[in-house]
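Beneath this line is the structure, given in structure tokens, with notes to follow.
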Amino acid sequence: MDTRTTIDRFLHHLEVERNFSAQSLRAYATDLRQFEEFLAERATADLCAVDHLALRAWLAGMSERNYERRSIARKLASVRSLFRWLHKRGEITDNPSKLLRTPKLNRTLPSFLDEQQVIALLTAPDAGHWSGLRDRAILELLYATGLRVSELVNLDLNDMELGRGTLRTMGKGRKERILPLLPSAIAAVNTWLAQRSRPPRSRTGIDGTVRAVFINQRGSRLTDRSVRRLIDGYVQQAALNCHVTPHTLRHSFATHLLNHGADLRDVQELLGHAHLATTQVYTHVTTARMLDVYERAHPSAGAPGTPERQPA
């Protein structure tokens, strides 16, 4: 069983039958090509010859090269998926990856902005400029909907139904979801769309063939890197003493909803999480915040004789 051909077939399966996104496919391809290189170094060209000892040696090699545990876990998940697919198809009699344990990850709570910080960030763009109107609409949408940055930059005009107050997006696994829009987001997007057709660095403007909601000053679709860069600028402008990414606004969206009483399963649907456990990390954030507020506000908190709370 030629390794290169088999990996190509598996990637095709992920794209055509599993509807994986381009970003996910790139990650799988990177991980599996690296695994292919490892097998080539061991003169193993047949996946049928791979056993759990070979896989353990592969994992040990990454640890010796100081790969982060999260990276190792992701690469192991990619290889596991490959062998599980082969086993399910009957192309191998035993799955050598089932005996491997995923490296234990240190779970970190997602960072988020408080509500005043969000307001400062949303109001930072200059509404007197073309790019300021665009950027205000971008920030409003990210916070109002919890969109991933990839989902935001892939929005087309026909994905927006501003009259109904909704937008349609295609998330991970190409799963479609319909998201409601806040009045402030609708107003910001409407204001932006009124100016969108006149990008300052485009001599002819843009025509109907450009379907992207968010474009750069030359009239091309905005990239996720550009969105991250513009957020960096507004963080400095708003004097926020913290690191903020587009995902920080997604975290803030989820955390603020739960703080104000939203149901966890509703938040799961809005975020497009396949599993509730992924969304539950935000309950840890809100619980930590609640305990912090309690300790600062309760008159007996910190008083002599009060047991000190141990970190979770």
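Bear in mind that the values in this text are calculations on the coordinates, not laboratory data. Since we're looking at a predicted model, the values are computed, not measured. Ideal geometry is used to build each Cβ from the backbone, glycine not excepted, and the neighbour counts take in all protein chains shown.
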Report, in debye and to the nearest 20, how large the dipole of the range 115-293 comes out about its Cα centre when Lys and Arg carry +1 and Asp and Glu carry -1 on their Cβ.
-> 700 debye
Measuring from its Cα centre, the range 3-99 shows a charge dipole (+1 at each Lys and Arg Cβ, -1 at each Asp and Glu Cβ) which, in debye to the nearest 20, is 360 debye
Any chance you could give the angle, 0 to 90 degrees and rounded to 10, that helix 22-41 forms with the longest Cα principal axis of the chain?
-> 30 degrees
Please give every one of the lysines within straight-line cross-link reach of Lys104, meaning a C-alpha to C-alpha distance under 18 Å, and leave out same-chain neighbours fewer than 8 residues apart.
-> Lys75
Going from the fewest other Cβ atoms within 10 Å to the most, one would list Leu141, Leu179 as Leu179, Leu141
How do His52, His260 rank when sorted from fewest to most other Cβ atoms within 10 Å of their own Cβ?
-> His260, His52
Could you work out how far helix 130-145 tilts from the main Cα principal axis of the chain, as a 0 to 90 degree angle to the nearest 10?
-> 60 degrees
Which of Ser220, Asn95, Gln116, positive extreme of dipole for the chain (C-beta unit charges) | Ser220
The range 1-32: which trypsin sites (Lys or Arg not before Pro) are DSSP loop and have at most 15 other beta-carbon atoms within 10 angstrom?
-> Arg18
Just round it to a whole percent: the fraction of Cα-Cα distances in the range 104-249 exceeding 19 Å.
-> 52 percent
Jot down the per residue volume, in cubic angstrom and as a whole number, of the convex hull over the alpha-carbon atoms of the range 3-99.
-> 94 Å³
Other residues with Cβ under 13 Å from the Cβ of Asn95 give, with Lys and Arg +1 and Asp and Glu -1, a net charge of +2
May I ask for the angle, rounded to the nearest 10°, between helix 281-297 and the longest principal axis of the chain, with both axes built from Cα atoms and the value confined to 0 to 90°?
-> 50 degrees
Taking the Cα centre of the chain as the origin, how large is its charge dipole in debye, to the nearest 20, when only Lys and Arg (+1) and Asp and Glu (-1) carry charge on their Cβ atoms?
-> 400 debye
Per-residue HN-Hα couplings for the range 181-191 [Karplus 6.51, -1.76, 1.60; θ = phi - 60°; Hz; x = Gly/Pro] | 10, 6, x, 5, 6, 4, 4, 5, 5, 4, 5
Taking GluC sites (Glu not before Pro) as exposed when in a DSSP loop with at most 10 other Cβ atoms inside 10 Å, the chain has its longest clean stretch at 18-307
Proxy exposure order for Thr30, Thr44 (fewest C-beta within 10 Å first) is Thr30, Thr44
